[in-house]
Structure formats: structure tokens, C-alpha cells
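A short worksheet on the structure shown next.
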Amino acid sequence: MRVLVTGGAGFIGSAVVRHLVLVRNYNVLTVDKLTYAGNLASLAPIDGNPLHRFLRADICDRAMMQEAFDSFKPEWVMHLAAESHVDRSITGARDFVETNVIGSFTLLEAARHYWQDLAGKAKADFRFLHVSTDEVYGSLGEDGLFTEETPYDPSSPYSASKAASDHLAKAWGRTYGMPVIVSNCSNNYGPYHFPEKLIPLSVLNALEGKSLPIYGSGANIRDWLFVEDHARALGLIAERGRVGETYNIGGRNERRNIEVVRKICSIMDNMRPRKAPHVRLIAYVADRPGHDARYAIDATKIETELGWKAEENFDTGIEKTVKWYLENEWWWTPLRQESSGGRLGLLNGSGDN
Ligand code: NAD
């Protein structure tokens, strides 16, 4: 099996690449521009593995994408390359439109030209899995869950650009008959998460005795999904998902942001005790504009159709995650230094997504 993974040097993409190579023994071509969020160190566990190749390229570069398809001849494409940080999209949306919309369009076109020339089983079995977010559905109130039928209603420049790319991917399926599947998942967490996001930032700031910034009152609710559960889900969707369908992926682990940070504090109290409890480091900062109140996923479809279920609950997953950061300073130290250990999100808090 040959799989082309875009964004494979990013947080989720690298988990997908590690899963495909180490668990499934597939041949993988990682295509990644290596923006600030791309990090080849996240692929260290497969360094030198003959099943893996890396191509540094921009998905907006049509000629390079076509060359990647024509030479590697993928059977699946798993498209994860994106600008992904909501705070950055608020300060400057151009890169989000370029990569998430134009880049996805460019990749779809390169895939279509390659796929059109395939024949028989190769053509029928080809899959283009477009990986997206539950943020395209907007915000939930106190009740209810996002299903695959929830209408799109994005709030931020990030989620609007992802919504646009979802529509493009679906249109390439309906218009050209290309075998496209879309997945929308909730907030991921786990090892190799860039330290500007809520969970790694809180762990590392707690470790260094720095303040733990929380937007607003910390009441925003996210449904947390362990990244390795997500990687497994994406493999199953590409393998057995129905063409033209959307699959929502969520961990059934809803938590308020403040609960997440308090949990990290209590784990840190055990693993790295300080004189004062870590919870005293929490600092509330002005809320992010357009901050969605609640996201929560109904994962019934992927659970019943594909037999997938999140293996980690939040308590087990967060414990593993904190432990990983404490044991893998080599990975995050250079990233912390680049951002001076301070202004990690571009607004004044730490983005949960
Ligand atoms: P990330 O920011 O960690 O990684 C993105 C990767 O894409 C990086 O390696 C970056 O170098 C690469 N990239 C960016 N622009 C590129 C370009 N023009 N050409 C080639 N490569 C480029 O993101 P992530 O958190 O791993 O998210 C992966 C995907 O999953 C994204 O599509 C994102 O929208 C989606 N998603 C993420 C979450 C989450 O909680 N992190 C939740 C739902 C959906």
C-alpha cells in the first residue's frame, strides 16, 4: 500500500505517518512545506525506515504536486496539510486562505489528473481522504452534538477556510466522481503537539513556574480526542469508509478549558511537585474574539459502521501526554526557545485549537 500524506510533519499528520509505517507497514510519502508547525523531529521514530520518504513541498505548487503523484503513484491520499491555529488566523488570515483553500484545490486537481488516468481496480480503489475539523459546524449551546448532517456555520477565519476546503473536496467527488471522503474531528491532544496550544503550553509553563493563561472564564467546552486514536480512525476511514461520505470523529470526552488546565495542574503536582500547588499559576486573560462556546461530536457513525472507538479517555490520555512532555525535552526545547518561551499564541492566551 502506498499512501501520500500531506502535512505529515505536523502534529496529527506525524501521528498518521507513524501509524501507517509502524503499525500498518505501508509505504508513505510525506509531503510537507515545513512551516513553523512542521517538524521533522516528530518523525524521528521512523528515521531511516525504508517505508518512508519525505518531500519538502508546498501543496499550492501544482507542478510539484503532480510530480509527487506521478512518481509515487499513491493508492490513498490523506490530506492534513493546513494552517491550523485559530489565533494566528485572527491576526492574519492570508496564509489560511492560501494553504487551506488554494492549496487544497491544487492538491485536488493534481489528484484528479492522476486518478483520471488510472484504470480498473486501481481507479476504483483510489481514496482521497480530506481531514477537517468540527469547527466548521460553528458553536453548540449547552445541549446537542455535531452530527454529519449539522449545517456548516464557521466562526473564525480558520474554520471558514477549512469549511471552504471541505466543500471543494466534496464537489470533486460529486462533479468528477473522484473517490473522496471527508472527516471532521474534535480537538486533538497528545505527544508532539506544538507548544502554543492549550495542553502543551500549560504543561510546559507549569514546569517552568510560569503563568497558565486561560481565555475568558475558561468555560469553553471542547471534546478531546487522543491523537493516536485519531490516526487509527483515519486509517479505518480510508480503508473501509464509504466513498462520498463524511465521518465525524470525537473522543466523547467533553471538558471545560478550566477543567483541562486544573487536571494538568493536579498531574504536575504529583509528577513535579512545587512548594505551591500549580493551580495557583492559572491566569485569566481577555477572551478570544468569536470564541465558540462548545464543540461536541456524535461519533455514532464511525463507531457503528467502522467499529472504531476512542481507546483513551481524557484521564488516561492526559496523563500519558503530560508524562511524554516531561520525558521528551529534546523535542520541545528548540520550539520553546524559538518562541522565547512566552508569546506562543499570537493573541494573549493559549489557543485550545
Ligand atoms: P499542524 O499545524 O500541527 O500541522 C500542519 C502541517 O501542515 C505542518 O507540518 C505544516 O508544515 C504543513 N503545512 C502547512 N502549510 C503547508 C503547505 N502550504 N504545503 C505543505 N504543507 C503545509 O496541524 P494539525 O493540528 O496536525 O492538523 C492537521 C489537520 O487536521 C489540519 O487539516 C487541521 O485543520 C485538522 N484538524 C486539527 C485538529 C487539532 O485539534 N489539531 C482538530 C481538527 C482538525
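The values are calculated or read from the model by the stated rules, or taken from the named source; none is laboratory data. Just so it is clear, the structure is predicted and the values come from calculations on it, not from any experiment. When we count neighbours, we look across all protein chains shown, and the Cβ atoms used for this are built from the backbone with ideal geometry, even at glycine. Side chains are part of the model used for accessible areas, which takes the heavy atoms of the whole protein and leaves out ligands, DNA and RNA. Shrake-Rupley method; radii C 1.70, N 1.55, O 1.52, S 1.80 Å.
The table for this structure:
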item	result
Complete set of residues in the range 72-96 that are farther than 19 Å from residue 129 by Cα and surrounded by fewer than 17 Cβ atoms within 10 Å (Cβ to Cβ)	91, 92, 94, 95
Yes/no for residue 217 being over 23 Å from residue 324 (Cβ atoms), among the small types (Gly, Ala, Ser) and open to solvent by 20 Å² or more (accessible area, probe 1.4 Å)	yes
So residue 106, is it crowded, with 23+ Cβ neighbours inside 10 Å and within 30 Å of residue 88 (Cα to Cα)	no
Filtered residue count, the range 317-327, keeping only those that are in contact (Cβ under 8 Å) with a residue 40 or more places away in the chain and more than 11 Å from residue 204 (Cα to Cα)	7
Filtered residues of the range 193-214 (kept if crowded, with 24+ Cβ neighbours inside 10 Å and within 9 Å of the ligand (Cβ to nearest atom))	193
Any hit, the range 164-180, residues being within 23 Å of residue 223 (Cβ to Cβ), touching an Asp or Glu at 6+ places or on another chain (Cβ under 6 Å) and crowded, with 24+ Cβ neighbours inside 10 Å	no
Contacts under 6 angstrom Cβ, first residue in the range 64-90 being within 9 Å of the ligand (Cβ to nearest atom), partner open to solvent by 30 Å² or more (accessible area, probe 1.4 Å), 6 or more apart	80/12; 83/95
From the options 39, 49, residue that is within 15 Å of the chain's Cα centre (by Cα) and more than 15 Å from residue 162 (Cα to Cα)	39
